[in-house]
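Here's the structure, in structure tokens; my notes come after.
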Amino acid sequence: MLEEKRPSKQPHNLILEDRKFLSLSGVREVGNFDETTVTLLTEMGELTIRGEGLHINKLNLETGELTVDGESVAALFYNDAPEKKSIRGLFAKVFK
């Protein structure tokens, strides 16, 4: 029987230099990108990078490395999906 191998979890690090150069590790895939927004999936969740004049310089999904440069990086934020609340949990709070 063949066993499916999952890649080991890579460390996730961010280094932002002078708000113009961003180096990332632990990148799994890149979603959408343009000069103002880069959306990617990291080991720690979905990350959105906002700024002006953004360019992806280096992308290596085998090693999980990505570098982005631009005129300025304005924001970095993780888009965590809200946890699904169970109906039982809702009723327990209402009838407590």
Cα-projected label distance for Glu62 with His12, points at 7 Å along beta-carbon direction, nm: 2.4
Given 10 Å bins starting at zero, what is the percent of C-alpha pairs of segment 13-81 in each, up to the one with the largest pair distance? 23, 61, 16, 0
Ordering 65-73, 10-18 by per-residue average of other C-beta atoms within 10 angstrom, highest first, gives 65-73, 10-18
Point-to-point label distance, Glu52-Leu76, nm (Cα→Cβ direction, 7 Å offset): 2.1
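May I ask for the net charge around Arg19, where only other residues with Cβ less than 15 Å from the Cβ of Arg19 are counted and Lys, Arg are +1 while Asp, Glu are -1? All intermediate terms of the calculation are to be shown ahead of the outcome.
Working: positive: Lys20, Arg50; negative: Glu17, Asp18, Glu52, Asp69, Glu71.
Once positives and negatives cancel, what remains is -3.
Readers should treat all values here as calculations from the given coordinates under stated rules, not as data from a laboratory. Since this is a predicted model, take the numbers as computed values, not measurements. Methodologically, a virtual Cβ is constructed for each residue, glycine included, from the backbone with ideal geometry; neighbour enumeration extends over all protein chains shown.
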